[in-house]
Amino acid sequence: SEIVCNAHLINRGELPRLESSKDRLSDFYFMRQDDPDRAADIIVDLVKNHIPRRFQLDPFDEIQVLSPMHKGTVGAANLNLRLQQALNPEGEALQRGERLYRLGDKVMQIRNNYQLEWEVRSRYGIPIDKGSGVFNGDMGVIREINEYAELLTVEFDEGKLVEYSFKQLEELELAYAITIHKSQGSEYPAVVIPVWSGPQMLMTRNLIYTAVTRARACVCLVGVPYVFQQMVDNAMEQKRYSGLRDRIEEIMETL
């Protein structure tokens, strides 16, 4: 797997070979594109057409776009709008401010909510399990929009159904594209990663390593090679202040 080999190179601060032979199958691709609008077009085409055809993957469930940033032409917010239009362009929809929620959309919970109740139903619609709590990063699919009751129903993993009042929809955003930060701890068959210039403290080796290692079968990077080189070279990490050392020392003094 070139994904594994290149992930090791990135982790060591070495640039992977970006040229892939057309005569052999690969699972790691870099597509050079200097124009951000054209790069966004390529990303949509990869998700909708090329990767599903090459790897027999479902563009909706098995391919995830991971962007370093939320804003910008190739940021998660704009790519979500373009991917929504490409993958789920029709059907019942609800407009809330600048956000458009459509039946069948892939969405993500963006904050912890311990009070939200969920239930699992049998195929006959009978509740067979209940609980509470939906958490930051949980991803699901919109299954029902009830404008009369002002409720939107999302199905999360394991068939958990959650009803959101329209006033709670600020806790949901489209998830066709998400930030790399939001993807930590997750894994996908294929990922598509826009590589575009951004703040130095954000465009780091650790971030691109995280993005690449989210994929099992295919990685496609789209953008500017020198930005990829800068990310691999940028080993800066944010210093964490946890107080853990002080707490351990306090405990040891009492023993």
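Observations, loosely collected:
- For the stretch 1-140, the dipole from Cβ point charges (+1 on Lys and Arg, -1 on Asp and Glu) about the Cα centre works out to 80 debye, to the nearest 20.
- Amide H contacts of Met31 (H built 1.01 Å from N, in plane; Pro and chain starts excluded): Leu221, Val222, Gly223 sit under 5 Å, all sequence-distant by 5 or more or on other chains.
- Backbone amide hydrogens, once placed in the peptide plane, bring Glu144 within less than 5 Å of Thr153, excluding anything fewer than 5 places away on its chain.
- Rounded to the nearest Hz, the phi-derived 3J(HN,Hα) couplings of the stretch 209-221 under the Karplus curve 6.51 cos²θ - 1.76 cosθ + 1.60 (θ = phi - 60°) are 5, 4, 4, 5, 7, 7, 9, 9, 10, 7, 10, 10, 9, where x marks glycine and proline.
- Rg(Cα)/(2.2 N^0.38 Å) for the stretch 90-201, N = residue count: 1.17
- In the context of the full protein assembly, Asp35 retains an accessible surface of approximately 70 Å², using a probe radius of 1.4 Å and ignoring ligands and nucleic acids.
- Surface exposure of the stretch 1-158, expressed per residue as accessible area with a 1.4 Å probe, stands at 58 Å².
- With the largest listed first and rounded to whole Å, the semi-axes of the equivalent ellipsoid of the stretch 212-253 from the Cα gyration tensor are 39, 16, 6.
- Our helix-only sum for the chain, with -39,500 (n - 2.57) per DSSP H run of n ≥ 4 divided by its residues, gives a mean residue ellipticity at 222 nm of -7500 deg cm²/dmol.
- Solvent-accessible surface ranking, highest first, for Ile193, Ile251 at 1.4 angstrom: Ile251, Ile193
- Figure note: Glu150, Glu155 ranked by solvent-accessible area, largest first, 1.4 Å probe, ligands and nucleic acids not counted: Glu150, Glu155.
- For the chain, a simple Cβ point-charge model (Lys and Arg +1, Asp and Glu -1, everything else neutral) yields a dipole of about 560 debye relative to the Cα centre.
- When the trypsin sites (Lys or Arg not before Pro) in the stretch 156-255 are filtered for DSSP coil states and for at most 13 other beta-carbon atoms within 10 Å of their beta-carbon, the remaining sites are Lys239, Arg240.
- Dimensionless Rg over Rh [the chain; C-alpha; Kirkwood]: 1.03
- 5 angstrom amide H check on Gln64, placed H, neighbours 5+ away: Ala190, Val191, Val192
- Accessible surface of the chain [probe 1.4 Å, protein heavy atoms]: carbon and sulfur percent: 48
- Of all DSSP bridge pairs formed entirely within the chain, close to 60 percent run antiparallel.
- Accessible area (Å², 1.4 Å probe, nearest 10) - Thr210: 20
- Here, P(r) means the percent of Cα pairs in each 5 Å bin from 0 to the largest distance; for the stretch 54-103 it is 5, 16, 23, 24, 20, 9, 2, 0.
- 3J(HN,Hα) from dihedral phi, the stretch 136-151, Karplus parametrisation 6.51/-1.76/1.60, rounded to Hz, x for glycine, proline: 3, x, 5, 10, x, 10, 6, 9, 7, 10, 10, 6, 5, 8, 6, 10
- Inter-part distance, the stretch 169-214 to the stretch 69-119, computed on C-alpha centroids, equals 16 Å.
The values are calculated or read from the model by the stated rules, or taken from the named source; none is laboratory data. Because the structure is predicted, anything quoted here is derived from the model rather than measured. Positions of Cβ are generated from backbone atoms using ideal geometry, with glycine treated the same way; all protein chains shown enter the neighbour counts. Note: accessible area is taken over every heavy atom of the protein model, side chains too, but ligands, DNA and RNA are not part of it. Shrake-Rupley method; radii C 1.70, N 1.55, O 1.52, S 1.80 Å.
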